[in-house]
Amino acid sequence: MTHPGNITPDLGRSLAQFLKEEQEQFPDIPEELLPILHAIAAAGKAIDKVVRTLGLVDITGDQGTYNASDEAQQKLDLLAHHWLLDALAHTGAVCAVVSEEAPTIIELPNSNGKYIVALDPLDGSPNIDVNAHIGTIFSLYQRQTTQSMAVQQEDVLQKGNAQLAAGYILYGTSTMFVYTARHGVHGFTYHPAADDFFLAYKAMQLPKSGRCYAINDGYFEAFPGYVQHYIHRCRRNGYSARYTGALIADFHRHLIQGGIYLYPPTKKHAEGKLRLVVECNALALMAEEAGGAASNGQQSILSLQPQAIHQRVPLYIGATNMVQDLLAAVV
Ligand code: AHG
Ligand code: MN
Ligand code: MN
């Protein structure tokens, strides 16, 4: 009987150790990034623990409330939101948070904090009740206004290009923490017994091309002509269609194997469904740091000036060649 390879896990470098080394190597990475990422990872572990007991604890279903995007909030959306806020409040470094689950800026009791965090606490909420992949998305910005005044719209409505760091946690087959501090994209796998994240993927590179596309095909008739044209091309080429219903999971697949994720304008969502500040910017930075691309069809996602916290934008993200092929069809 043959056996699989060595299954002793390599717990060589924890997230904290790796980040310290990265900070030594790149002095432009803010010192406070370590406690901030540590806080997000700690909340992620707590989320992971309840997710792993789905059906045994009372975390499935709607909360009975709606968020600023008029979407029904799930219990886990709100739990994740509050755990992340609590963890970030304790860092002392974050003065405010914007979250998909809160209509306005949330000021934290850290008036000296220099940093702003944008959050999608739980991405892929409809997947919660069916035990499919979900995630957490975050972006980090430096505050622009002085600390003596209330946090302003200009502090939270910064272009994606201004992100100091961004990342996500994917609660998948395993739980992974993937981030960039603008010096490459690195992935860490959660080891439950050691209760920490350990380096699993260093300097991830999003393949330039791919044979996989992710889109909600049910809306096909409502897509702009250039998107329909591109989908026909994917089908003619025999590409695989894979759509999990969680942007994070689809993005992660493409980060590793190549591919494109598309959320175009539709009849229901004339500007697309996904939110620029709390979802798209983080993934756009990760994509570009890994050699991929992200566009709204006209310009790079990272160059868009946000006008509102919950502003939606079309999103085409993934392998550079695939995004360029799509853009070539835009009239
Ligand atoms: P969220 O759960 O944070 O609201 O995000 C859900 C998003 C995204 O993760 C996913 O790709 C997309 O919505 C799915 O939308 P459709 O069901 O319209 O395809
Ligand atoms: Mn989301
Ligand atoms: Mn969400």
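The values are calculated or read from the model by the stated rules, or taken from the named source; none is laboratory data. Since we're looking at a predicted model, the values are computed, not measured. Note that we place each Cβ from the backbone using ideal geometry, even for glycine, and neighbour counts take in every protein chain shown. When the accessible area is computed, the model is the full protein with side chains, heavy atoms only, and any ligands, DNA or RNA have been set aside. Shrake-Rupley method; radii C 1.70, N 1.55, O 1.52, S 1.80 Å.
When region 15-201 is described by a simple charge dipole with +1 on each Lys and Arg Cβ and -1 on each Asp and Glu Cβ, the residue from A102, W83, F198 located farthest towards its positive end is F198. Sequence-ordered 3J(HN,Hα) estimates for region 241-250 from the Karplus curve with 6.51, -1.76 and 1.60 and θ = phi - 60° stand at 9, 9, 9, 8, x, 10, 3, 4, 5, 5 Hz, glycine and proline given as x. Comparing N112, N281, N237 in a Gaussian network model of the chain where C-alpha atoms under 10 Å apart are linked, the largest mean-square fluctuation is found at N237.
Compute the relative contact order of region 212-327 as a whole-number percentage, counting only Cα pairs closer than 8 Å that sit 6 or more residues apart in sequence. Reported relative contact order: 29 percent.
For region 15-201, the share of accessible area belonging to carbon and sulfur comes to 52 percent (1.4 Å probe, ligands and nucleic acids excluded). With 31 Å as the limit, write out which pairs from K49/K267; K114/K208; K159/K268 have Cα-Cα distances beyond it, or answer none. Table pairs above 31 Å Cα-Cα are K49/K267; K114/K208.
Can you classify region 147-272 as rounded, prolate or oblate using the Cα gyration tensor, where a ≥ b ≥ c are the square roots of its eigenvalues, rounded means a/c under 1.5, and otherwise it's prolate if a/b beats b/c and oblate if not? Since a/c reaches 1.5 but b/c is at least a/b, the shape of region 147-272 is classed as oblate.
Residues whose amide H falls under 5 Å from that of D123, counting only those 5 or more places apart or on a different chain, are G135, T136, I137, with hydrogens built in the peptide plane.
Karplus-based coupling profile of region 293-307, in residue order and whole Hz: 9, 8, 9, 9, x, 10, 8, 4, 4, 5, 9, 6, 8, x, 9, with θ = phi - 60° in 6.51 cos²θ - 1.76 cosθ + 1.60 and x standing for Gly or Pro.
Rounded if a/c is under 1.5, else prolate if a/b beats b/c, else oblate: with a ≥ b ≥ c from the C-alpha gyration tensor eigenvalues square-rooted, which is the chain? Let's see the in-between values first.
Details: a/c = 1.35, a/b = 1.15, b/c = 1.18.
Cα axes put the chain in the rounded bin.
The helix-based estimate of mean residue ellipticity at 222 nm for the chain, built from -39,500 (n - 2.57) per DSSP H run of four or more residues and divided by its residue count, is -8500 deg cm²/dmol to the nearest 500. Classification of region 212-327 by its C-alpha gyration tensor yields an oblate form. The axis ratio a/c (a ≥ b ≥ c) is 1.5 or more, and b/c is at least a/b. Qualifying trypsin sites (Lys or Arg not before Pro) in region 162-212, where qualification requires a DSSP coil assignment and no more than 12 other C-beta atoms within 10 Å, comprise K202. Label zone (N237, point 7 Å along Cα-to-C-beta; backbone nitrogen cut-off 17 Å) within region 304-331: 316-330.
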